[in-house]
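Some notes on the structure that comes next.
The values are calculated or read from the model by the stated rules, or taken from the named source; none is laboratory data. All figures in this text were calculated on a predicted structure; none of them were measured in a lab. Note that each Cβ is placed from the backbone with ideal geometry, even for glycine, and that neighbours are counted across all protein chains shown. SASA here: full protein model, heavy atoms, side chains in, ligands and nucleic acids out. Shrake-Rupley method; radii C 1.70, N 1.55, O 1.52, S 1.80 Å.
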Amino acid sequence: MTTLTEQDDTLAMLRDSLARYLDDQHGFEQRLQALAAADDAPPPFWQGLARDLGLLGAALPEAQGGLGLGLAAHLALMPTLGGALAAEPYLSTLVIGAGLLQRHPGAMADALLARVVAGQAVLAFAHDEPHSRHARDDVRTKLVREADGRLRLDGRKAVVQAAPWASHFIVTARSDKGLSLLVVPKDAPGVQLRAYRTRDGGRAADIAFDVVRLNADALLGTEGGALPQIEQALDEATLAVCAESIGILRRLMRDTLDYVRQRKQFGVPISSFQVLQHRLADMHMALEQADALTASVGEALASGADAASRARAVSSAKVAVAKACRAVGQGAVQLHGGMGMTEELAVGHYVRRATLIEGQFGPPAWHLRRVAQLQQQQQQLSEQQ
């Protein structure tokens with residue numbers, strides 16, 4: 001059995017290897033070139049994560065070709081990926097997609113996981129719909145079991161992150177038994193994508209599933225029983241995005257500090273102005289609070305928190321991270337002046353990603369309502385007992 005010290009050493013080694021690799025293969029100039037290409041192939045560095053680093057199986061169980069590090073691997077790697085604006089398609093493929101596949105072992109899932117670890121498959125989670133507004137159980141995509149035993153899928157999915165890069169979609173659908181999960185190849189007949197670039201330079205698509213027929217083994221787990229797995233996967237993804245934001249915000253702080261130390265007014269660096277020092281201190285405190293809360297929630301989830309406790313903790317972390325993204329992002333732009341939002345300067349790219357993270361997997365207001373509802377339910381249960 002791996003000890004905590006050995007696990008920490010392994011995670012530190014993976015982080016260092018990843019940071020060096022991204023510095024070499026996905027620097028800011030290389031990112032700009034990739035953005036200009038605007039094709040539907042995964043980012044150029046993606047294959048290297050498997051081929052050169054063997055990194056894509058870090059979180060997976062050893063029986064499925066991984067290192068068995070679980071959620072801790074995601075939380076260790078996402079800040080480094082965030083610091084290089086390289087979190088996709090890791091988030092959709094490893095955190096959500098592989099997380100769902102490993103909880104539903106079988107010949108199809110195991111074969112697809114092997115391809116993921118080898119860098120040969122990219123996954124996208126097709127869950128949100130045009131009307132859903134982050135409601136995790138509001139799914140209208142229909143699943144019907146036909147007379148010959150095959151499955152038919154019909155519906156629409158909106159803003160599916162990394163979909164243009166994906167080889168397979170993991171799709172949520174509703175039948176008379178409840179919510180289910182299905183694996184759908186991108187090239188399946190009846191699947192149509194409208195791909196576009198997101199404001200932060202990522203890729204997404206709206207997807208139409210029109211009379212998509214699938215074999216019975218496309219179903220993950222039991223029909224109608226997927227809601228708990230969907231909730232868990234989205235909570236883990238939300239926490240992973242929180243970890244990603246830490247890398248983004250640290251890069252913004254570093255670039256902003258470098259700038260205010262170099263920029264001069266009245267013959268002195270503007271970093272000597274007390275009002276700017278106060279602003280920088282507020283930005284730093286927001287970042288450190290978000291970092292500490294994300295790490296604390298990660299430890300709570302690793303210790304096996306129940307579903308309600310997990311949901312409250314993750315939503316609380318997301319609110320703190322959203323506030324930090326706002327404080328650090330706006331502060332970085334204002335301290336850089338107008339050049340802070342230009343394409344040529346890295347700061348603008350990081351601010352745009354931080355801004356989208358504020359609303360990803362639900363904005364602060366949604367998470368605050370979620371925490372309030374969970375607390376109310378807990379109180380009602382206590383009163384009944």
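Annotations
- 3J(HN,Hα) couplings calculated from phi for the stretch 318-327 with the Karplus curve 6.51 cos²θ - 1.76 cosθ + 1.60 (θ = phi - 60°) are, in sequence order, 5, 5, 4, 5, 4, 5, 5, 4, 5, 5 Hz; Gly and Pro show x.
- Electrostatic bookkeeping for Gln232 treats Lys and Arg as +1 and Asp and Glu as -1; over the other residues with beta carbon under 13 Å from its beta carbon, the sum is -1.
- Violating pairs (Cα-Cα greater than 22 angstrom) within the set Lys157/Lys186; Lys157/Lys318; Lys186/Lys318: Lys157/Lys318; Lys186/Lys318
- Dipole magnitude (debye, nearest 20) for the stretch 79-237, charges at Cβ of Lys, Arg, Asp, Glu: 320
- Dipole magnitude of the stretch 332-385 about its Cα centre (Cβ charges: Lys, Arg +1; Asp, Glu -1), debye to nearest 20: 120
- Enclosing the Cα atoms of the chain in their convex hull gives a volume equal to 155 cubic angstrom per residue.
- Radius 11 Å from Cβ of Glu88, net charge of other residues (Lys, Arg +1; Asp, Glu -1): 0
- The sum of -39500 (n - 2.57) across all DSSP H runs of n ≥ 4, divided by the residue count of the chain, sets its helix-only mean residue ellipticity at 222 nm to -17000 deg cm²/dmol.
- Between Ala72, Ala173, Leu214, the Cα set farthest toward the positive side of the dipole of the chain (charges on each charged residue's Cβ, about the Cα centre) is that of Ala173.
- Rounded, prolate or oblate (a/c below 1.5 giving rounded, otherwise prolate when a/b exceeds b/c) for the stretch 251-293 by Cα gyration tensor: oblate
- Assigned charges on the beta-carbon of Lys, Arg, Asp, Glu; the chain dipole about Cα centre (debye): 980
- Overall form of the stretch 94-252 per C-alpha gyration tensor (a/c, 1.5; a/b vs b/c): prolate
- Over the stretch 325-385, relative contact order from alpha-carbon pairs under 8 Å, at least 6 apart, %: 27
- Solvent-accessible surface ranking, highest first, for Asp291, Asp217 at 1.4 angstrom: Asp217, Asp291
- Contour minus Cα-Cα distance for Gln265 and Arg199 (0.36 nm per residue): 20.4 nm
- The shape of the stretch 233-369 can be summarised by an equivalent ellipsoid whose semi-axes, obtained from the alpha carbon gyration tensor, come to 32, 14, 11 Å from longest to shortest.
- Taking the C-alpha atoms only, the angle from helix 364-384 to the longest principal axis of the chain is near 60 degrees.
- With K and R counted +1 and D and E -1, the other residues having a Cβ less than 12 Å from that of Lys323 yield a net charge of 0.
- The relative contact order of the stretch 70-192 comes to 21 percent, based on Cα pairs under 8 Å that sit 6 or more residues apart.
- Distance between the modelled labels on Phe273 and Val144, one decimal in nanometres: 6.6 nm (7 Å Cα→Cβ projection).
- C-alpha center-to-center spacing [the stretch 322-342, the stretch 234-280] in angstrom: 8
- Remark: accessible surface ordering of Val211, Val333 (largest first) is Val211, Val333, probe radius 1.4 Å.
- Relative contact order (%) - the chain, alpha-carbon pairs under 8 angstrom, separation at least six: 14
- Gyration tensor verdict on the stretch 174-270 (Cα atoms; rounded if a/c is under 1.5, prolate if a/b is larger than b/c, oblate otherwise): prolate
- Bridgeable aspartates and glutamates around Lys323 (alpha carbons under 16 Å apart, same-chain partners fewer than 8 residues away excluded): Glu244, Asp282, Glu288, Asp291, Glu358.
- Within the accessible area of the chain (1.4 Å probe), percent carbon and sulfur: 51
- Ranking Met108, Met285 by solvent-accessible area of protein heavy atoms (1.4 Å probe, all protein chains present), from largest to smallest, gives Met285, Met108.
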